[in-house]
1. Taking the solvent-accessible surface of protein heavy atoms with a 1.4 Å probe, what is the per residue accessible area of region 28-73 in Å²?
2. Work out, step by step, the length gained on full extension between residue 127 and residue 109: first 0.36 nm times the residue separation, then minus their alpha carbon distance; give nm to one decimal.
3. Identify the trypsin sites (Lys or Arg not before Pro) of region 1-102 meeting these criteria: DSSP loop state and at most 15 other C-beta atoms within 10 Å of the C-beta.
4. Between residue 73 and residue 8, what is the spin-label point distance in nm, taking each point 7 Å from the Cα along the Cα→C-beta axis?
5. Which shape class applies to region 90-143: rounded if a/c is under 1.5, otherwise prolate when a/b exceeds b/c and oblate if not, where a ≥ b ≥ c are the square roots of the Cα gyration tensor eigenvalues?
6. Taking square-rooted eigenvalues a ≥ b ≥ c of the alpha carbon gyration tensor, is region 1-129 rounded, prolate or oblate, where a/c under 1.5 means rounded and, failing that, a/b exceeding b/c means prolate?
Amino acid sequence: KLYREMKEHRFKMLNIIARFCQIRYRGWKGRLRVRTIREAIRQKLMNDSATIIQAGIRGWIERKRHVQRKRQRELLYNQSAIIAQTFWRGQRARVEYFAMRKELRNKAALDVQRMYRGMRGRRNVAKMREEIERAKIPEKPKRIPLYKRRYSTYGAKLPASRAVQGG
């Protein structure tokens, strides 16, 4: 009986020890599994966070590049417009310059002609005056209208007393 009791006691003790070991092992295994799951969740969260951060930064960089390209296009467009405007203004200025130059040449020619004709006219007048002087043609006395002759002392010799009064 004692042997049986000892055997039972030993069986119970081994059973208790086995349960204790199993509990400890299962607890350790559970904690290890939870730690592994937490680590996986943490790693996934960090990867997702990194992905979100990288996507935000890439978006920011692309927006910045887009704005730069847009500015460059606008600059190129403005420069193209400026070049076209410069060409047009230069062309218009050249046309105006040549027109003005032609007008000045014409004006200069007209001035030369006018001066020559004036000089020739003055020479002709001088010649005519010389001819008149040479001919010394006596001029006819001016004919005085009748109405002035009747009531006026025009042409009549006045006595000195009347000439002083002013007639």
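1. In whole numbers, region 28-73 has 98 Å² accessible per residue.
2. Residue separation times 0.36 nm, minus the Cα-Cα distance, leaves 3.8 nm.
3. 1
4. Placing both labels 7 Å along Cα→Cβ, they lie 9.5 nm apart.
5. It comes out prolate by the Cα gyration axes.
6. It comes out prolate by the Cα gyration axes.
The values are calculated or read from the model by the stated rules, or taken from the named source; none is laboratory data. Every value quoted in this text rests on a predicted model; they were computed, and no experiment measured them. Counting neighbours? That spans all protein chains shown, and the Cβs are built from the backbone with ideal geometry, glycine included. SASA here: full protein model, heavy atoms, side chains in, ligands and nucleic acids out. Shrake-Rupley method; radii C 1.70, N 1.55, O 1.52, S 1.80 Å.
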